[in-house]
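Only one structure is covered here, and it is reproduced in the block below.
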Amino acid sequence: MREQPDVDGIIYRMSDSSPILDAATLGLIHITIPVGMLHCNCSIIGDPQTREALVLDPGDEVGRILDLLGRHKLTVKVIVSTHAHIDHVGGLSKLHQYTGAPVLMHRDDLPLYQAMDVQAAFLGVAPPELTSIEHLLREGDALRWGSFEAKVIHTPGHTPGSVCLYLPQDGGSIVLPAPQLFAGDTLFAGSIGRTDLWGGSLDAIMSSLRNKLMHLPDETIVHPGHGPATTIGHERQLNPFLAKA
Ligand SMILES: [Zn+2]
Ligand SMILES: [Zn+2]
């Protein structure tokens, strides 16, 4: 018995300093921090036992990310980018240099990643350093770290190589109270990703949503690439883009 919950099972949302104990995500360490000027949600998903972590979308502010990893005594095993927009990939190289962890993204977003100077000019910022991608993700790939096993779901539409990570309830040796979906910019609370940028396709994103994400259980907690968390059930009912005609 302990009086105060320690870091195990506490998730941090939207701020490094205000821990929120969320019963729905007990069993994993999940820290989300919005980074950079576009407030990309960078997620740290850690195993409370082995202290191994996956870092998703380190778009910027790698110093802050490293500080959180250190504070929670987490070792980064793998770095994943949900897609190659600058706000999601800006810190890949730096985080790789500091941690040595491999960087993964989908092959279909490599042209976007390699055109970082174009994306940077579009936003009027300096282009971030690029890193080598050690593994190209594919639909159905299993990512393992700590006791977790997440499944890669290829969800083209926002970009050709957009992926979501799905952590089923029994994904690994820790049973979670609910499945977790890390949705990148494919699905947001009340909205979906824009499709008017390079490689975007409204048909493709609707197909990804209807034929893949909407097949997940209602209780799945969705962690979008921007903004607040939601659930598949909530979006199925209330997201105007998913409402049945
Ligand atoms: Zn994006
Ligand atoms: Zn984004």
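The values are calculated or read from the model by the stated rules, or taken from the named source; none is laboratory data. Just so you know, these numbers come straight off a predicted model, no measurement behind them. Positions of Cβ are generated from backbone atoms using ideal geometry, with glycine treated the same way; all protein chains shown enter the neighbour counts.
Do we find that G90 is within 16 Å of ligand 2 (Cβ to nearest atom) and either modelled with pLDDT of 95 or more or in contact with a helix residue (DSSP H, G or I) (Cβ under 9 Å, 6 or more places away or on another chain) (or both) in this structure?
Numbers: within 16 Å of ligand 2 (Cβ to nearest atom): yes; either modelled with pLDDT of 95 or more or in contact with a helix residue (DSSP H, G or I) (Cβ under 9 Å, 6 or more places away or on another chain) (or both): yes.
In short, yes.
Tell me yes or no: at least one residue of the range 48-71 is within 16 Å of ligand 1 (Cβ to nearest atom), part of a helix (DSSP H, G or I) and among the β-branched types (V, I, T).
no
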(message) Here is a check on your reading of the model: is A178 of a type in the set (A, V, I, L, M, F, W, C), on the phi < 0 side of the Ramachandran plot and touching a helix residue (DSSP H, G or I) at 6+ places or on another chain (Cβ under 6 Å)?
(response) yes
(request) Taking the options E129, E149, E139, name whichever one is away from ligand 2 (no atom under 16 Å from the Cβ), under 25 Å from D170 (Cα atoms) and in a loop (DSSP other than H, G, I, E, B). (result) E139
(request) For the range 168-179, indicate whether the set of residues that are surrounded by 15 or more Cβ atoms within 10 Å (Cβ to Cβ), of a type in the set (A, V, I, L, M) and without any contact (Cβ under 8 Å) to a residue 60 or more places away in the chain is non-empty. (result) no
(request) Of the conditions (1) within 16 Å of ligand 1 (Cβ to nearest atom); (2) free of Cβ contacts under 8 Å to residues at least 12 places away in the same chain; (3) more than 20 Å from P58 (Cα to Cα); (4) not charged (D, E, K, R), T195 clears all except one; give me its number. (result) (2)
(request) Can you work out which of the residues in the range 79-94 that are more than 18 Å from G193 (Cα to Cα) and crowded, with 21+ Cβ neighbours inside 10 Å is farthest from ligand 1 (Cβ to nearest atom)? (result) I79
(message) β-branched (V, I, T) and touching a strand residue (DSSP E or B) at 6+ places or on another chain (Cβ under 9 Å): which single residue out of T195, T231 fits that description?
(response) T231
(request) Return only the number of the condition from (1) at pLDDT 95 or above; (2) farther than 20 Å from R64 by Cα that F148 does not satisfy. (result) (1)
(request) Starting from residues that are out of contact with any Asp or Glu (no Cβ under 7 Å at 6 or more places or on another chain) and within 20 Å of A229 (Cα to Cα), keep the ones in the range 133-152 and report whichever is surrounded by the fewest Cβ atoms within 10 Å (Cβ to Cβ). (result) K151
(request) Select from the range 152-190 the residues that are assigned to a loop (DSSP other than H, G, I, E, B) and polar (S, T, N, Q) and write down the one among them that is farthest from ligand 2 (Cβ to nearest atom). (result) S173
(request) Output the residues belonging to the range 99-121 that are part of a strand (DSSP E or B) and within 13 Å of G161 (Cβ to Cβ). (result) L104, M105, H106
(request) Quickly run through the range 191-245 and pick out the residues that are surrounded by fewer than 19 Cβ atoms within 10 Å (Cβ to Cβ), of a type in the set (S, T, N, Q) and not in a loop (DSSP other than H, G, I, E, B). (result) S191, S207, N211, Q237
